[in-house]
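Comments concern the structure below.
The values are calculated or read from the model by the stated rules, or taken from the named source; none is laboratory data. From a predicted model like this one, the values you see are computed outputs, not experimental measurements. Here the Cβ positions follow ideal geometry from the backbone for every residue, glycine too, while neighbour counts run over all protein chains shown. The accessibility values were calculated without ligands, DNA or RNA, using every heavy atom of the protein model including side chains. Shrake-Rupley method; radii C 1.70, N 1.55, O 1.52, S 1.80 Å.
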Amino acid sequence: MLKLEEQQSLGEACCTLSELVTKPNRSLTLDLIRREESVSSTHSQHCGKLTVHAEECFSSKSTADIILRCIDLESKDLFSKSDPFLVISKLVESGISIPVCKTEVLKNDHNPTWKPVFLNIQQVGSRDSPLVIECFNFNSNGKHDLIGKVQKSLADLEKLHLGREGENLYLPTLVGHNYENKILNSKLLVDKFSETVQHTFLDYLAGGFELNFMVAIDFTASNGNPRLPDSLHYIDPSGRLNAYQKAIYEVGEVLQFYDADKRYPAWGFGARPIDGPVSHCFNLNGSSNYCEVQGIQGIMMAYTSALFNVSLAGPTLFGHVINRASVVACDSLSTGAKKYFALLIIT
């Protein structure tokens, strides 16, 4: 979601995949250089380092849905309670820990319960792969204090959930020249642990499902006056496609092969039909009874026709078209039809 051209580049690094995977620990540390310097000079200013780690993934469609909480956290702030958050990292063969998930920060809370975290089994390695769960106290300067940590696998977290028992956090503490793990009174508890299989689009197709494609187009005034060339809705007399036509054509061309009848519900939103109030979901074809058009060309024709029959208005609200699409999907479900619905909102 970031516009990269508006961000400040800190540097870039380049390597081949073979360089990375032939390293004994499958890790490679590269020097970061700035683009301008890499082009103009062989001598570049040191911009830091970037470490890349590679590992072989084993296919898994299972995802663990986990709710974590802590009790009796120690205070790290002088005049207030801690602001805790969790970082979950996986341990790889070389001993490196790689963060895979972070919770939100909860302010002034020694007994926090965080929002659910979703961990893909493929993302963490396996159910028995070790995970390090660290609890930090948030500091605005970025130097967060470690409150405590535990090391558990997904299988261990499931056992904690089933046993309704907490696991004491520990804190690595320097004793002499060595670190020892100081066991704390604070505990980590697992309030929820469930696994679900995330089926892919191909799974649905293989199961006999038919794709149903739906489209909704933004007709709000923020798109600009459609009669002027700088508008996203401008219909060029030369036949050159505008931004909306390109999106309809390019996405539709891919999806149409999976839709057997090629009849598509098509809506517009954020406009005022002739002699009517602003509508946040109107049939693109102008009909008051049915919303379907035939083929991608049908969407294109209905879109062009709608531009000459509505006044662009606002505000930009998606809720009405999402509700309309979900009603179509629910009706199909009630009849036992095996369909996979995709709603494209172009805005």
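Qualifying chymotrypsin sites (Phe, Trp or Tyr not before Pro) in segment 220-303, where qualification requires a DSSP coil assignment and no more than 14 other C-beta atoms within 10 Å, comprise 290.
Relative to the present Cα-Cα distance, how much length would full extension add between residue 127 and residue 170 at 0.36 nm per residue of separation? Walk me through the intermediate numbers first.
Values: separation 43, 0.36 × 43 = 15.48 nm, distance 2.26 nm.
Gain on extension, residue 127 to residue 170, equals 13.2 nm.
Think of segment 60-197 as having a plus end and a minus end, set by charges on the Cβ of Lys, Arg, Asp and Glu; of 80, 184, 123, 123 sits farthest toward the positive end of this dipole.
Placing +1 on each Lys and Arg Cβ and -1 on each Asp and Glu Cβ, with no other charges, gives segment 60-197 a dipole about its Cα centre of roughly 160 debye.
First check a/c for the chain, with a ≥ b ≥ c the square roots of the eigenvalues of its C-alpha gyration tensor; if it is under 1.5, answer rounded, and if not, answer prolate when a/b is larger than b/c or oblate otherwise. Could you put the intermediate results ahead of the total?
Details: a/c = 2.12, a/b = 1.72, b/c = 1.23.
It is prolate, given that a/c is not under 1.5 and a/b is the larger ratio.
Between residue 196 and residue 330, the simple spin-label model (points 7 angstrom out along Cα→Cβ) gives 1.8 nm.
Loop-only check: which trypsin sites (Lys or Arg not before Pro) in segment 245-347 are DSSP coil with at most 11 other Cβ within 10 angstrom?
Working: sites: 246, 262, 263, 324, 338, 339; in loops: 262, 338.
When the trypsin sites (Lys or Arg not before Pro) of segment 245-347 are filtered for loop state and at most 11 Cβ neighbours within 10 Å, 338 remain.
Normalised by the number of residues in segment 118-187, what is the relative contact order in percent for Cα pairs under 8 Å and 6+ residues apart? Before the final figure, lay out each step's value.
Numbers: 94 pairs, mean separation 16.3, N = 70.
Answer for segment 118-187 is 23 percent.
Ranking 63, 139, 108 by how far each Cα lies toward the positive end of the dipole of segment 60-197 (charges on Cβ) leaves 63 at the top. Each peptide in 175-188, 82-95 gets a packing score, the mean of other Cβ atoms within 10 Å over its residues, and the list from highest to lowest is 82-95, 175-188.
Based only on Cα atoms, what mean projected area does the convex hull of segment 202-325 have, in nm²?
On the way: hull surface 33.1 nm².
Computed as one quarter of the Cα hull surface, the answer is 8.3 nm².
With the convex hull constructed from alpha-carbon coordinates only, segment 261-347 shows a mean projected area of 5.9 nm² over all directions.
In the chain, helices alone account for a calculated mean residue ellipticity at 222 nm of -6000 deg cm²/dmol, with every DSSP H run of four or more residues adding -39,500 (n - 2.57).
Tell me, in nm to one decimal, what length is gained between residue 16 and residue 3 on full extension, where the rule is 0.36 nm per residue of separation less the Cα-Cα distance? Kindly include the intermediate steps, with their values, before the conclusion.
Numbers: separation 13, 0.36 × 13 = 4.68 nm, distance 2.65 nm.
Difference between extended and current length: 2.0 nm.
Once both axes come from the Cα atoms, what is the angle between helix 319-334 and the longest principal axis of the chain, in degrees from 0 to 90, rounded to 10? Roughly 90 degrees, rounded to the nearest 10. If the segment from residue 260 to residue 241 were pulled out straight at 0.36 nm per residue, it would be longer than the present Cα-Cα gap by 4.2 nm.
Whole-Hz Karplus values for segment 295-309 come out as x, 5, 4, x, 5, 4, 5, 5, 4, 4, 4, 4, 4, 8, 10 Hz, taken residue by residue from phi with 6.51 cos²θ - 1.76 cosθ + 1.60 and θ = phi - 60°; glycine and proline positions read x. Note on residue 317 and residue 337: with the Förster distance fixed at 35 Å, the Cβ-Cβ geometry gives a FRET efficiency of about 0.75.
Using alpha carbons only, how many degrees (0 to 90, rounded to 10) separate the axis of helix 154-163 from the longest principal axis of the chain? Between helix and principal axis, roughly 80 degrees. Taking only protein heavy atoms and a 1.4 Å probe, the accessible area of the chain is 54% carbon and sulfur.
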